[in-house]
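Before any comments, here is the structure.
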Amino acid sequence: MSEVVNVQGVQKKFGKFQALHDVTFTVEKGEVVGFIGPNGSGKSTTIRVLLGIIKRDAGIAEIFGKDVWKESLDIHNRISYVPGDVVLWGNLTGGEIIDLFIKLHGSGDKEKRDYLIKRFELDPKKKAKSYSKGNRQKVGLIAALSVDSDLYIFDEPTSGLDPLMEQVFQEEVEKIKAAGKSILLSSHILSEVERLADKIVIIRQGEIVEAGNLNELRHLTRSTITLVTEGDVAELATITGVHDLVEKDNQATFSADNEHLNDILLKATQLGVKKFEAVPPTLADLFMRHYES
Amino acid sequence: MKEKFARWELLLFQYVKRDWKKMIVWIVALGFFSAGFIPAFQEIAKGQGAIGMYETLQNPAMISMVGPTPVETAINYTLGAMYAHEMLLFCGLFAMIISVLHVIGHTRKEEDLGLTELVRSFQVGRQANSLAVMMEVLFINVILSLFIAVMLISFDAPTITVTGSFIFGASIGIAGMIGAVIALVLAQVMPNSSSSTGSTLGIIGLLYIIRAGTDVSNDALSIFNPLGWTYLTYPFTSNDWLPLVYALIFCMVMVVVAFILEGARDMGAGYIPQREGRATAKKSLLSVRGLFMKINQGTIISWFCAFVIMGAAYGSIYGDMQKFLESNDLMKQMFSSTGISMEASFTSTIMMVMISLVAILPIVIVNKLFVEESRLYLSQIFATKVSRSQLYWTTIGLAVLTSIVGVLLAAGGLGGTAIMVMGENSGLSLSDFIIAGYNLLPTVLFVTGLAALVLGWMPKLGKFVYLYLIYSFMLNYFEGILDLPKWFSKTAIQNWPAQMPMEDFDGTVFITVTMVSIIFMIIGYLGYSRRDMIEGA
């Protein structure tokens with residue numbers, strides 16, 4: 001039983017609106033899964049189903065092999081969660097709220113808490129109503145990272161954080177990843193997932209449209225190649241596997257199918273290569289390809 | 001000058017455009033509240049009513065609440081004297097509080113929200129906003145004063161003179177301005193908007209208590225109190241303009257002080273540093289119960305105070321109740337239960353009013369759980385091992401507990417004051433009051449149960465529980481006047497229990513209503529434990 005999260009064909013309707021059509025994915029033990037989709041695609045709904053906050057209409061949803069609705073309390077003992085929008089009681093201080101969350105979770109570590117407060121540069125003595133969005137997010141993150149869990153669920157965790165704090169977050173997540181914990185990282189910010197995730201699950205309009213390891217997914221797409229040659233670059237246009245060619249003087253920029261790379265390069269060497277650049281597809285490209293259709 | 005106040009008139013124009021609806025409601029509602037009760041007072045003053053009221057209001061407890069009157073003998077206690085005596089201080093207080101909230105809302109609050117920053121980036125003077133807000137409030141309060149004066153005159157009632165009416169209106173308007181300038185000063189001093197509001201209201205409360213003391217002991221001292229400059233004008237009797245002059249001077253001085261303070265501080269900063277909170281939580285907070293206590297604490301304390309004050313207010317009427325009730329036809333009809341002492345009859349009605357008031361608090365608490373849910377406060381807590389049953393039953397437990405304490409405070413406040421003012425003539429003991437109060441506890445539990453039921457199954461309809469309470473209250477209150485069919489009046493829950501101390505205790509109804517309430521709570525729980533949490537709705 002190495003599956004920490006197992007979701008099979010989950011559906012959810014709100015009134016007439018079908019929020020989740022068919023959500024299927026897994027998170028293995030020790031794996032970081034990036035859960036990608038634009039706003040309103042069903043990421044948060046899926047997470048709420050997993051937390052037992054809302055009840056699915058159909059399908060299987062298990063964490064640690066337990067049903068997320070019926071055995072939610074057993075599950076909650078071993079997970080940490082940070083919502084995308086951390087809302088705090090204005091008349092309590094950040095420190096008080098962190099302590100409360102740690103206590104309600106059960107297994108807290110005082111030293112870890114103080115260490116994280118320092119790392120994230122949070123002033124715990126301030127009332128929560130005076131916190132900015134980023135500071136509220138920090139409170140949520142510190143509370144979640146201070147406790148010992150087997151599964152961490154982060155819903156757009158770095159929204160509102162500045163790049164330095166985002167870096168701190170990434171490092172802390174790498175630590176828990178190194179400790180063999182599983183992480184479900186939902187985001188529409190691609191770069192934050194790209195760095196950490198072993199596996200990507202893409203959701204669109206309540207349906208999983210792509211799932212797999214980042215390298216596998218990259219095979220599906222094209223690299224972007226920039227060439228400067230001595231000969232006429234226009235000749236490249238005739239080769240199969242070259243798409244969207246843009247010429248400028250002797251420079252060509254195009255996207256190339258990975259399986260035809262060899263043919264393309266053979267042709268290019270005949271023209272006399274002066275400069276060569278290849279950029280692997282970013283998640284943005286992946287993403288765009290899925291949303292174009 | 002340009003650097004300071006440039007384009008204030010533009011900001012004023014914007015405020016009027018933004019606020020015109022609020023201004024109309026403010027002026028009309030407060031105007032009606034201040035001037036509209038003349039017919040009701042004419043009714044009260046009929047026969048021996050005015051004399052009875054005069055006697056009642058000589059009671060120190062009453063003076064400490066409504067203030068003194070310059071009238072020396074009951075015969076001179078005219079309609080105008082009575083109206084100004086009973087209405088002016090409270091209406092002035094309302095005008096003050098609304099102005100305070102408005103001024104801070106447009107100054108410090110906008111600063112906290114970051115709106116000021118945006119406005120300041122244009123060619124707008126550093127203090128133009130404060131000036132614009134003060135001008136707006138001045139405008140509103142002047143219109144309000146005139147509105148009240150004209151309305152009072154329009155009743156064409158005896159002793160409601162034109163001069164008196166204008167002084168009455170001006171006193172309320174100036175009360176608003178006093179509140180506004182105090183608020184403007186504290187908006188500069190305090191570190192943020194909520195502490196500005198809190199400290200301003202605190203100061204007004206303090207002034208009110210100080211004047212209660214000086215009014216009872218030596219009312220010459222009340223003239224040194226800014227709050228005194230409102231009701232010490234004594235409209236319709238002495239018609240004294242002088243306190244208004246003091247108040248005007250006070251306002252001007254305070255505005256200058258506020259501008260100096262504002263000119264010398266940074267935007268977003270105050271003179272009193274932000275108070276540091278606790279870096280770690282107290283043990284008492286670290287549980288669902290502790291958290292719910294904490295987030296409801298302010299509400300609970302203020303409602304508890306309201307129960308005691310309302311109880312004391314009604315209780316203080318007992319002294320001269322007989323005289324008062326007998327001179328008033330409307331009241332007489334409401335309390336005309338033959339063969340039963342007026343006190344007992346009055347108590348049973350007032351107790352119903354008090355306990356209906358008590359019932360608001362548990363509804364607030366139960367509805368709060370849904371507010372917390374829908375505003376995402378609980379998101380992170382749902383993901384812990386805290387169960388829904390813990391969240392639900394902690395809330396219900398807190399609601400029931402506050403009901404029990406609330407009944408004690410309301411009935412105790414009523415009974416304690418009543419017995420104090422009646423002295424040896426009292427036909428009722430404190431325990432009669434307390435028992436009569438707890439006799440109605442099931443009605444409180446019933447609406448709590450109703451709120452719980454709604455929370456479990458149709459949480460978005462939480463507000464309707466208040467509507468039921470109002471409906472039920474109105475039905476009960478006017479039952480004696482309108483001759484309603486029995487089944488219809490029984491739709492009001494307050495009509496089920498015995499009307500103690502007038503009637504004997506009815507154990508069957510007490511237990512049945514309590515059981516029904518508990519069943520509601522359990523059914524509510526079944527819904528709550530099963531339904532989707534509604535986040536962000």
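Here are the numbers:
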{"read-out": "Residue order, fewest to most surrounding Cβ atoms within 10 angstrom, among B:Trp487, B:Trp229", "value": "B:Trp487, B:Trp229"}
{"read-out": "Cβ-based exposure ranking for B:Cys305, B:Cys251, B:Cys91, in which fewest neighbours within 10 Å come first", "value": "B:Cys305, B:Cys251, B:Cys91"}
{"read-out": "Inter-centroid distance (Cα atoms) of the stretch B:89-154 relative to the stretch B:399-421, Å", "value": "38 Å"}
{"read-out": "At R0 = 22 Å, FRET efficiency that the Cβ-Cβ distance of A:Asp257 and A:Glu230 yields, to 0.05", "value": "0.30"}
{"read-out": "Too-long pairs where the Cα-Cα distance tops 21 Å, listed order kept, from A:Lys55/A:Lys138; A:Lys112/A:Lys138; A:Lys16/A:Lys199; A:Lys177/A:Lys199; A:Lys125/A:Lys177", "value": "A:Lys55/A:Lys138; A:Lys16/A:Lys199; A:Lys125/A:Lys177"}
{"read-out": "Contact order normalised by residue count of the stretch B:417-533, Cα under 8 Å, 6+ apart, percent", "value": "42 percent"}
{"read-out": "Chain A, helix-only ellipticity at 222 nm - DSSP H runs n ≥ 4, -39,500 (n - 2.57), divided by all residues, nearest 500", "value": "-10000 deg cm²/dmol"}
{"read-out": "Projected-area average for the stretch A:38-152 over all orientations - Cα convex hull basis, square nanometres", "value": "7.9 nm²"}
{"read-out": "Euclidean distance between Cα centres, the stretch B:436-494 to the stretch A:36-52, Å", "value": "41 Å"}
{"read-out": "Peptide A:83-93, shielding by other chains (average Cβ, 10 Å cutoff)", "value": "5"}
{"read-out": "Average projection area in nm² (convex hull over Cα atoms of the stretch A:156-211, one quarter of hull surface)", "value": "4.2 nm²"}
{"read-out": "Sequence of B:Ile249, B:Ile97 once ranked by neighbouring C-beta atoms within 10 Å, starting from the fewest", "value": "B:Ile249, B:Ile97"}
{"read-out": "Cross-link pairs B:Lys109/B:Lys460; B:Lys282/B:Lys385; A:Lys66/B:Lys385 - those with Cα-Cα distance over 23 Å", "value": "B:Lys109/B:Lys460"}
{"read-out": "Qualifying lysines (Cα of each under 21 Å from Cα of A:Lys267; at least 8 residues distant if same chain)", "value": "A:Lys248, A:Lys275"}
{"read-out": "Normalised convex hull volume, chain B, alpha-carbon set, Å³ per residue", "value": "180 Å³"}
{"read-out": "Calculated from backbone phi, Karplus (6.51, -1.76, 1.60) coupling profile of the stretch A:252-268 in Hz, x at Gly/Pro", "value": "10, 10, 8, 9, 10, 5, 4, 6, 9, 4, 4, 4, 4, 5, 4, 5, 5"}
{"read-out": "For residues of A:70-78, the mean tally of beta carbons on other chains within 10 Å", "value": "3"}
{"read-out": "Rh by Kirkwood over Cα pairs, then Stokes-Einstein D for chain A at 0.890 mPa s and 25 °C, µm²/s", "value": "116 µm²/s"}
{"read-out": "Ellipsoid semi-axes in whole angstrom, largest first, where each is sqrt(5λ) of the Cα gyration tensor of the protein assembly as shown", "value": "65, 36, 22"}
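Rule-based calculations on the coordinates, nothing more; no lab input. A quick note: this is a predicted structure, and the numbers were derived from the prediction, not measured. A quick note on method: Cβ atoms are made from the backbone with ideal geometry, for glycine too, and the neighbour counts reach across all protein chains shown.
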